[in-house]
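The values are calculated or read from the model by the stated rules, or taken from the named source; none is laboratory data. All figures in this text were calculated on a predicted structure; none of them were measured in a lab. Glycine also receives a Cβ, built like all others from the backbone with ideal geometry; neighbour counts cover every protein chain displayed. Each accessible area value is taken on the protein alone, full model and side chains, heavy atoms only, with ligands, DNA and RNA left out. Shrake-Rupley method; radii C 1.70, N 1.55, O 1.52, S 1.80 Å.
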Amino acid sequence: MFAYIIRRLIGAVIMLLVVTLVTFGIFFGLPKLAGQTTDQLAAAYVGKAPTAQAIQDTKERLKLDEPIVVQYGDFLKGIVAGKDLDLGPTSEHCSAPCLGYSFNSSQQVLPTLADRAPATLSLAIGAAVIWLTVGITTGVVSALRRGSKWDRGAMVIALAGVSLPIYFTGLVSLALFSYTLEIFPGGGSYRPITEDPVRWFQSLVLPWVTLAFLYAAMYARLTRAGMLETMNEDYIRTARAKGLAEKQVVTRHALRATLTPIMTVFGLDLGLLLGGAVLTENTFGIHGLGQLAISSINSSDLPMVLGVTLITATSIVVINLIVDLLYAIVDPRVRLG
């Protein structure tokens, strides 16, 4: 197991290097391949009516005339050992891991990401708890009552949840529960839990339910399909023949085997959401990593985009490593393998 973890960690580092290299190449390599000069690249970061001197200073400060390999190596060096940031009239030391500074705000990337991360964590983890609980429970009950009114009704609702986009369900929930019934606060009302726990909870109820509605629908359908397949296996019939209670047959045998593919999908979904639930954050005005990523992409703020990309990639890699280790706990057949 230790050797397996080491191999996965080495693979994770390589994957993160590939992600940063591809993102770096997209922002610096593709514009040059399209015929854009370094002066044009620098002018995009200076502002309106840039002067020749301002463009030259920006090129030197951002090292735009350096080869992409040199720029990428400087970026990796900052992550490992830190570096001195040239902010124009002043300079500032950025301790490792240094992701650089924003081209637009001249603020260090890592503190900005750390400031936005709690909102995204609150949204993703809260919604994940709801969609796992509701989705798996609904899928199990639907499989055990196959063909019943509950099964048909649950699958119709699940189909609606999968089909309706988040920005539609989010706007409908805001219009109904915030602006008509005034039960929950409207968009843009998010407060950190350290400032106002009650407001934090109230402002996240609708985003949680909206995001969980989509994922719970998918997990309900996945759980139902897995349970229907598992309940026909030979070892399920053997367990019943041995006289085990139906509850034990369902929970200890059928459900545990069904959870393996669900855990795989959950690792990917949660990892992506930890990088920012873009549509949900924009709909409800939550200033998280997803909203930061969109604004950074629109303004071509490469260091900030790289920072969000690294956060997302790291989340996916780490969570999937944890999921792989949990397989042996959930399904004993993995240990035997």
> Looking at (1) out of contact with any Ser or Thr (no Cβ under 6 Å at 6 or more places or on another chain); (2) open to solvent by 70 Å² or more (accessible area, probe 1.4 Å), which is the one condition that is false for VAL162?
Replying inline: (2)
> Within the set of pairs 6 or more residues apart or between chains, which connect a residue that is of a type in the set (S, T, N, Q) inside the range 57-86 to a residue that is surrounded by 13 or more Cβ atoms within 10 Å (Cβ to Cβ) and part of a helix (DSSP H, G or I) with Cβ atoms less than 6 Å apart?
Replying inline: THR58/ALA42; THR58/TYR45; THR58/VAL46
>> Among the residues of the range 237-261, what is the count of those that are touching a helix residue (DSSP H, G or I) at 6+ places or on another chain (Cβ under 6 Å) and of a type in the set (A, V, I, L, M, F, W, C)?
In response: 5
> When you scan the range 7-125 for helices (runs of 4 or more DSSP H) that lie fully inside it, which ones turn up with 2 or more residues that are open to solvent by less than 50 Å² (accessible area, probe 1.4 Å)?
Replying inline: 38-46, 52-62, 68-81
>> Every residue in the range 245-291 that is outside any helix (DSSP H, G or I) and open to solvent by less than 60 Å² (accessible area, probe 1.4 Å), please.
In response: ALA245, GLY275, GLY276, ALA277, GLY285, ILE286, GLY288
> Quick check, is ALA239 within 20 Å of VAL265 (Cβ to Cβ), aliphatic (A, V, I, L, M) and in a helix (DSSP H, G or I)?
Replying inline: no
> Taking the range 197-239 only, how many residues are open to solvent by 60 Å² or more (accessible area, probe 1.4 Å) and either in contact with a Cys (Cβ under 8 Å, 6 or more places away or on another chain) or charged (D, E, K, R) (or both)?
Replying inline: 6
>> Being surrounded by fewer than 19 Cβ atoms within 10 Å (Cβ to Cβ) and touching a residue at least 12 places away in the same chain (Cβ under 8 Å) is the requirement here; does ILE136 meet it?
In response: no
>> Tell me yes or no: at least one residue of the range 180-196 is closer than 29 Å to MET263 by Cα and assigned to a helix (DSSP H, G or I).
In response: no
> What are the residue pairs meeting all of these: first residue in the range 173-202, first residue touching a residue at least 60 places away in the same chain (Cβ under 8 Å), second residue loosely packed, with under 13 Cβ neighbours inside 10 Å and not in a helix (DSSP H, G or I), Cβ atoms under 7 Å, and 6 or more apart or on different chains?
Replying inline: none
>> Here's a check for you: in the range 292-304, which residue that is crowded, with 21+ Cβ neighbours inside 10 Å and assigned to a helix (DSSP H, G or I) is modelled with the lowest pLDDT?
In response: LEU302
